[in-house]
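Notes follow the structure.
Bear in mind these aren't lab numbers, they're just calculated from the coordinates by the rules spelled out. Since we're looking at a predicted model, the values are computed, not measured. We place every Cβ from the backbone using ideal geometry, glycine too, and count neighbours over all the protein chains shown.
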Amino acid sequence: MCLNFKLLYKFLLFSLIGLSTKLYAINPEKYIVNKASTENFPLVSKGKTASILASSTDFSGVLKVTAHLENDIFQVSDLHPKRINKISEAEDFVVIIGTLGKSEIINQLAKKGKIDANQLRGKWEKFTTQIVENPFKGIKKALVIAGSDKRGTIYGIYDLSSQIGVSPWYFWADVPVKKQSELHVLPGIHSQGEPKVKYRGIFINDEAPALSGWAFEKFGGFNSKFYDKVFELILRMKGNYLWPAMWGRMFYVEDPQNAVLANEYGIVMGTSHHEPLTRAHAEWGKANGKWDFSTNSEALIKFWKDGIKRMGNKETIVTVGMRGDGDEPMTEGTAIGLLEDIVKTQRNIIAEVTKKPAEETPQIWALYKEVQDYYDKGMTVPDDITLLLCDDNWGNIRKLPELDSKPRKGGYGIYYHYDYVGGPRNYKWINTNQIERVWEQMDLAYQYGVDKIWIVNVGDIKPMEFPIEFFLDMAWNPEKFNARNLEQYYVNWAKENFGDQNSEDIAEILKLYTKYNSRRKPELLDSKTYSITNYNEADRVAEDYQKLVEKANSINQKLKSEYKDAFYQLVLFPVLASANLNEMYVAAAKNHLYASQGNAIANVYVEKVKELFEKDSLLTDYYHTKLVNGKWNHMMSQTHIGYYNWQQPDKNVIPKTKTIEVSNKTQTGISTEDSPKVETSNTKYRYLDHVRGFVEENGYISIESKNYSKAINSDLVKWTIIPNLGKTDSGITIKPSNIKPIEISKESPRLEYDVHFFSKRNVKVHAYFSPTINFTIRDGLKYGIGFDDEKPQIMNLNTDSSEKVWAESVANNIKIITSTHQIENSGNHILKIYAIDPALVLQKIVIEMEEGKILESYLGPPESFRKD
């Protein structure tokens, strides 16, 4: 009896663990099956589809999206659902779609008690999907999709589309629809509740030459035909907010139907952080005078007033505040008084034009760059305005509310970046964003109460498909994401988009190519990035990419033909192009080395660089001209080779190489294979019983952070490994993040690493952290460190916050903090890392015993031998 109970307990526990990984996924709950039963609803069965009924009194956007559902069902089943407008026209089985309070049919069902109106009334963007028996005379069963508001209903419709196998990326990445002849809905009330973040959106930015070239060729510009595709994409991913393209673009002017269509769909419109009162920056012409409120306020007031008039009653979040012309600082000094006066004027305009108090119109004020400095120095912001906090343009959040700060009516938002133009380099070409870092930073933000707005700069939309969907999925419910289930997200996404073919392998490729690309942005790479002589680093990097190439090519050969276009866009091209770029720089580095040695092998690498440079252009050409018959022409036209400062070159520039004149004296026998290397693994100490932990060799000990000997947690926090986060392995941090600094004591949460030294000496400990910024008003984020019973040294991750140090840390995507310690005797010791502040993510530890023994490399020395 006891044994059976234990088995049952284990089974239930296993089941719950298994379910937990599916709670947060793209489809948290599958309610479509392919088998009929008396309880199920036959959406498609035996060559027939259920008819679709939507009230003509509902929102026009709901009716538009209902038509999308009809087409989605056709794409899956090859059958056209019959669209009806009256209950009297319905047959045995019907899909009823509508918004509570707007649809007469939904209102009748609620009145009759067939659906529970209390589940929807007063809710934000909520839908319920359920089977209703005998809803009206003559109807046996109805599948009722009811929404609390316009977007709630639209999300319910698109949720059903997703359930039957239509990816949000069916247009934007050519993900095919799997044909199915039987589609049945399971009983129960299916809902995703209300979103945890109110406004969730994307910012199309830095859109030339790629997206702009494509949009003008395919649609004639950034018009309503283009935005129709954008709005649909956002809504299919349950987003609701957009900052439109703004490089020379004018959303409201270029096509007046843009704003009309956004309003119809229910997309909440905004403008970027430096475009106040709905006016695109490109609308400000030279005839208006100088963009300066101190000297030209009259023209600016008229300009802004016209923007609010044009907005009308369309759902909009109005940007307030002001930066200088062209997204530059407004003044050289701190202009707090001026900025406060500007916002006061802008709010008066809003109140005057809308004829209602300013606080009744949603507004944001972006604390971007120097504007955050103003806020930190006491700038007053009206309580109803949402404070849009920002990252540093490189995915590291700059500012969060203090834990004890007074709640704001307007709340807080985050403006995040997947793409950027600016120092230390532009990065726009390809996806370099690890979802693990996105999760870690946005989870941090959410725990600090940032839940009003999440918006991410996505550049050209492509090729950011994967991280865009992750961002919007997480924004719907951040609480369903944790460090343990991120890996499953890759698998679920692969299943959704590739028909459950090779899902685990595709997930692994997505996970690793983004990891490798995030080590250093492609625009920052050059022939000096990775060492070709130390630790075999450059060759290992190239080999890692090559393994992904081989795996991706192998999968591509096995995939069903209809999935190959999507696979090329979402997986194969990023892998091929990234691998090729890295191999090219390694070849250039070898050319430089051999040329310096007078070795004729240098000439081989001259040709190799030329070949790989040409291959880059051929990959791009295939993307533009062959892929889907040229559908995506221009989309990969962003230059990415040949940067020498922050701004992009006009065109890709081949790396410089040197040709050696061959003569009798020319060396031919020296190669990198003959260059000195350091062996980093030895079993030499395996049989020494007294040795424990990581063993000193070649003057250092290198440790991956997750490989601790012991992790001591507390009642408040626990150590959490974030798999895959980091340049070489994983990261580790304490969670939850919304805690005050921990005072070090004997009971402190800490990590312990067993190490073995062969003599007493002074050592340096280099701790490799993710480049987290001090988001508090304190003097920095801190940790403690010491050996054995040594009094811990308090180390500050943010001691030097200069522009130079910041640029170096984001370019390297790592921040190394060094402490010095005296080891009094040889033998076994314990290195202890003490938690003080949250949000520090430790990736790697390198203990230096002898000066100069740690050879120069980008990733640091590989992990040392460990004896357990």
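Before moving on, here are some points about what is shown:
- Gain in span if fully extended, SER759 to ILE794, counting 0.36 nm per residue against the direct Cα distance: 10.0 nm
- Amide H contacts of LYS718 (H built 1.01 Å from N, under 5 Å, at least 5 apart or other chain): LYS735
- Applied to the range 181-186, the Karplus parametrisation 6.51 cos²θ - 1.76 cosθ + 1.60 on θ = phi - 60° returns per-residue 3J(HN,Hα) values of 9, 10, 10, 10, 9, 6 Hz, with x for Gly and Pro.
- When you restrict to C-alpha pairs under 8 Å that are six or more residues apart and normalise by the size of the range 503-653, the relative contact order lands at 21 percent.
- Taking the C-alpha atoms only, the angle from helix 2-20 to the longest principal axis of the chain is near 80 degrees.
- In the chain, the longest principal axis of the Cα atoms and the axis of helix 803-812 are about 90 degrees apart.
- All aspartates and glutamates inside 20 Å of LYS804 as judged from Cα atoms, apart from same-chain residues fewer than 8 positions distant: GLU328, GLU332, GLU370, ASP373, ASP391, ASP392, GLU523, ASP526, ASP779
- Protection proxy ranking, peptides 846-852, 245-251, 489-495, average beta carbon neighbours within 10 Å, highest first: 489-495, 245-251, 846-852
- Net charge dipole size for the range 693-867 [Lys, Arg +1 and Asp, Glu -1 on Cβ; Debye, nearest 20]: 380 debye
- For the pair LYS658 and SER617, a Förster radius of 25 Å applied to the C-beta separation gives a FRET efficiency near 0.65, rounded to the nearest 0.05.
- 0 to 90° range, to nearest 10: angle between helix 503-519 axis and the chain longest Cα axis: 60 degrees
- Partner lysines for LYS832 [C-alpha distance under 17 Å; skip if fewer than 8 residues away on the same chain]: LYS706, LYS710, LYS718, LYS746, LYS764, LYS782, LYS791, LYS844
- Inter-part distance where the range 85-112 and the range 811-868 are each reduced to a Cα centre, Å: 66 Å
- Fewest neighbouring Cβ atoms within 10 Å first, the residues PHE41, PHE226 line up as PHE226, PHE41.
- Leading residue at positive end of dipole, the chain (Cβ point charges), from LEU300, ALA600, ILE202: ILE202
- Correct choice for percent of Cα pairs over 39 Å apart that was computed from the model, options (1) 47; (2) 67; (3) 59: (1)
- Beta bridge orientation in the chain: antiparallel %, DSSP, nearest 5: 60 percent
- Relative contact order (%) - the chain, alpha-carbon pairs under 8 angstrom, separation at least six: 10 percent
- Top positive-direction residue, dipole computed over the chain with Cβ charges, set ASN34, HIS274, SER826: ASN34
- Rounded to the nearest 0.05, the FRET efficiency derived from the C-beta distance between ALA36 and LYS631 at R0 = 35 Å is 0.40.
- FRET E, pair GLU340, GLN257, Förster distance 30 Å, beta-carbon r, rounded to 0.05: 0.20
- Simple rule: put +1 on each Lys or Arg Cβ and -1 on each Asp or Glu Cβ in the chain, find the dipole, and look at TRP493, SER737, GLY101; the Cα lying farthest toward the positive end is GLY101.
- Under a model in which nothing but the beta-carbon of Lys, Arg (+1) and Asp, Glu (-1) is charged, the range 564-674 shows a dipole of about 140 debye around its Cα centre.
- Protection proxy ranking for 409-418, 565-574, using the average of other Cβ atoms within 10 Å per residue and placing the highest first: 565-574, 409-418.
- Cα centroids of the range 428-445 and the range 573-620: 30 Å apart.
- Anchor LYS64: lysines whose Cα lies under 19 Å away (excluding residues fewer than 8 positions away in-chain): LYS82, LYS86, LYS102, LYS126, LYS150, LYS225, LYS229, LYS238, LYS314
- Distance between the 7 Å Cα→Cβ label points at ASP92 and ASN828: 7.5 nm.
- Virtual spin-label span in nm between GLU487 and LYS740, 7 Å along Cα→Cβ: 3.7 nm
- Ordering of 361-370, 60-69 by packing is 361-370, 60-69, highest average first (other Cβ atoms within 10 Å, averaged per residue).
- With the simple model of a label 7 Å out from the Cα in the direction of the Cβ, LYS853 to LYS111 spans 8.5 nm.
- Of interest is the spacing of the C-alpha centroids, which for the range 455-534 and the range 718-796 amounts to 26 Å.
- Net charge of the neighbourhood of GLN441, taken over other residues with C-beta under 11 Å away and scored Lys/Arg +1, Asp/Glu -1, is -3.
- At full extension, GLU298 and SER561 could sit 88.5 nm farther apart than now, given 0.36 nm per residue minus the alpha carbon distance.
- Dipole magnitude for the chain: computed about the Cα centre from +1 point charges on Lys and Arg Cβ and -1 point charges on Asp and Glu Cβ, it is near 1980 debye.
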